[in-house]
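Coordinate-derived values only; no laboratory data. Nothing here was measured: the structure is a model prediction, and the numbers come from that model. Glycine also receives a Cβ, built like all others from the backbone with ideal geometry; neighbour counts cover every protein chain displayed.
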Amino acid sequence: MDDRNCWWRYEIDGKPYNRIKFKKETTILAENLENGQHEIRLVRSTEGEAGLSIFMGFILDDGAEFLPIKEPNRLKLEFVGDSITAGAFNDGPHEVVMYHDVENNDMSYGPQLARMLDADYSVLGKSGEGLVHNYAEEWPYNQVHTADRYPWTYYSFNWNDEHPDWNFADNPTDAILISIGANDFLFENKPTEDEFIKGYINLINVVRNHNPKAAIICIEPVPAVIGPDAGLWTEKAVKELIKQGDKAIYYIPLNKGTPLLQASDYVGDGVHPTQEGSRKIAEYLKDKVETMLKK
């Protein structure tokens, strides 16, 4: 593995995950396994902003071989969002020096929901990213935002980088689930209703352009501390797009009436869910998403 920055998890034959960072190119994952068939699962825990991971392959014992695998024809989901979608702070205390050391994307709400639905998934989660402006970004809001980076294969902070686009045609997605807006409302420079709705419609138009047949499911940001506007304005944007003729776009509120999560479901900041808090979000979404995908 060519990767010195990111945390990974791996399991062999279904045993609990081990947490690992690749300190050198070749790393021993298992020794002295019994003769017979074995299965390994390797999952990256750290979000895309931490850089590229280049998987170089496995080295087997003499006489061992790879067995053919039949790829299941499963539902394919994509999750778009911020640090909540990325799983920030859900693997340890949030008062840390190294931000990505306590991030386990595999236990954020998206991957947990995908497993509940027996689906494959991809995550486009970027910590600090917002719809109109990013975390603590000041006017004129000219940083990279979600609508800008969505088509890129690799994440970059820099507009001037070369950005090869993702091949959407050869990697079709059944549904894109979007939860964005928390960072827009964490500070006083909050967007106006018009700015937010305009930005949301622009984001959906970008996503729809690349996924003409997929369901797009817009989810209210979960932190109740940001107030109701993000959810209310997301719903208005969705209704406007339905009015314009999009028949495969949906909205799911999380805090209608009472907040979905309680204080104990967050890591201590009222913003980032614990792994158990993320499970509650996934459980709440499961039946609703299933119903929407059957339409």
- Message: Within 12 Å, Cβ to Cβ, of residue 33, how many net charges do the neighbouring residues add up to if Lys/Arg are +1 and Asp/Glu are -1?
- Response: -4
- Message: Between region 211-288 and region 107-184, how far is it from one alpha carbon centroid to the other, in angstrom?
- Response: 16
- Message: Treating region 1-70 as a set of equal point scatterers at the Cα positions, no solvent, please give the Debye-formula log₁₀ I(q)/I(0) at q = 0.18, 0.25, 0.27 Å⁻¹.
- Response: -0.79, -1.31, -1.41
- Query: Which is farthest toward the positive dipole end of region 108-177 among 140, 127, 173, measuring Cα position about the Cα centre, with Cβ charges +1 (Lys, Arg) and -1 (Asp, Glu)?
  - Reply: 127
- Task: Divide by every residue of the chain the summed helix terms, -39500 (n - 2.57) for each DSSP H run of at least 4, and state the resulting mean residue ellipticity at 222 nm, rounded to the nearest 500 deg cm²/dmol.
- Result: -7000 deg cm²/dmol
- Note on the structure: Sparse-neighbourhood loop hits (chymotrypsin sites (Phe, Trp or Tyr not before Pro), region 1-92; DSSP loop; Cβ within 10 Å at most 12 others) -> 55, 58, 66
- Note on the structure: So for region 155-295, using the alpha carbon gyration tensor with a ≥ b ≥ c as root eigenvalues (a/c under 1.5 gives rounded; past that, a/b versus b/c decides prolate or oblate), I'd call it rounded
- Query: Taking H as built 1.01 Å from N, whose amide H comes closer than 5 Å to the amide H of residue 125, not counting residues under 5 places away?
  - Reply: 48, 81
- May I ask you to derive the FRET efficiency for residue 64 and residue 15 from their Cβ-Cβ distance with R0 = 22 Å, giving the value to the nearest 0.05? 0.70
- Item | Positive minus negative residues near residue 188 (Lys, Arg vs Asp, Glu; Cβ under 15 Å) | -4
- DSSP bridge pairs, the chain: antiparallel proportion in percent, nearest 5: 40
- region 1-139: Rg/Rh from Cα coordinates, Kirkwood Rh? 1.01
- Note on the structure: Between the modelled labels at residue 31 and residue 143 (7 Å from Cα along Cα→Cβ) the distance in nm is 4.5
- Message: How charged is the neighbourhood of residue 129? Take every other residue with its Cβ under 13 Å from the Cβ of residue 129, and add Lys/Arg as +1 and Asp/Glu as -1.
- Response: -4
- Using only the alpha-carbon atoms of the chain, report the extent along each of the three principal axes, biggest first, to the nearest angstrom. 64, 43, 42
